[in-house]
Every structure is written in structure tokens, then in C-alpha cells.
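Chemist: Encoded as C-alpha cells, here's the structure I'll be asking about.
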């Protein structure tokens, strides 16, 4: 009888230890995703801090392109008011689209490229866009790993018992694959 009790206790401890470990792993992965999203937002903030300087530097030389500047400002305002990850991602995509149009305009005005201030800010924006792409990629990788864990067996059942569910990926807005068009 003692062997059965000890055996049962060992099995209960092993199963309990597995659940404990699995739960803590999900918490760790969920926190990593939240932390990575904070990094994405950090890079978005860097972008939004640079935009006013870029706009002020280029605005005088490109007064005829006020629409692009107002689109950038509107998208920044939308981002500031966004409440969810999806709303923030959509607003960030609008900023990217507007910046893309601005870059096309910059390429069509070679005299603007020679202005040192514009060159500096353009390289800052390019660097920021690269940083954002890297951070979004990391966010999606962490999300993929977490989602795999909560959807595969036996994790699917254990995760749902503890209230864990798949998280949303950062996805580009519809039409983001199409290059922006600038018509004069």
C-alpha cells in the first residue's frame, strides 16, 4: 500500500510540476511578447519624434507638397489616439505610406538631396524604418513561438485551462505592398 501511495504521490508531483512549468513558460513568453511590442512602440516613438524635424526642414523647399505633410501629421495623431495594437499598427502603416510618398518626392527633387539637413534627416528616417522592421520581425517571431505553444497538443488544452489564447501578429495594412504613387 505504501508503494502505491508513494507512486501516486510521485505521479501527482510530476504532473503538477509539468503544469507549473508549462504555465510559467506561457507567462514568460507572454511577457516577452509584451516587452517586444514595447520595443516596436519605442521605435515608432523615435520615428514620430523625428518627423516634425524632417517636415520642418523639407517643408520650405517643398511647399507644393502640403498634402503629404498633412497626411503624416494626421497619421501621427491617429497613432497617438490609438488604443489597441491593431489600431496602432494601422496608424503606423499610414505613417509609412506617407513617408514612402515623401521619399518618392525627395527622389524627384535632386536639389533637395544636396541640402545637408535633409540628407541627415532622411538617413535618420531610413535607419528608424530599418529598426522598426527589425523590432516588428522580432515581435512576430515571439508571437509565432507563443502561438505554436498554445495551439499544439497538449498545450492547447493546458493553455486554455489557464486562460491563455493565441496573440495577434503585427500585420501590414491592406495595400501596403503597393508602392506609393506621386503625381504632379
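The values are calculated or read from the model by the stated rules, or taken from the named source; none is laboratory data. Nothing here was measured: the structure is a model prediction, and the numbers come from that model. Reconstructed Cβ throughout: ideal geometry from the backbone, glycine too, with neighbour counts over all protein chains shown.
Chemist: Does residue 149 qualify as being buried (at least 19 other Cβ atoms within 10 Å of the Cβ), at pLDDT 75 or above and in contact with a helix residue (DSSP H, G or I) (Cβ under 7 Å, 6 or more places away or on another chain)?
Modeler: So residue 149 fails the test.
Chemist: Also, quick follow-up: Do we find a residue being part of a helix (DSSP H, G or I), in contact (Cβ under 8 Å) with a residue 40 or more places away in the chain and more than 30 Å from residue 165 (Cα to Cα) anywhere in region 34-46? First the steps, then the outcome.
Modeler: From region 34-46, those part of a helix (DSSP H, G or I) are 34-46; that's our starting set.
Subset that is in contact (Cβ under 8 Å) with a residue 40 or more places away in the chain: 36-37, 39-44, 46.
Subset that is more than 30 Å from residue 165 (Cα to Cα): 46.
The answer is yes; a qualifying residue exists.
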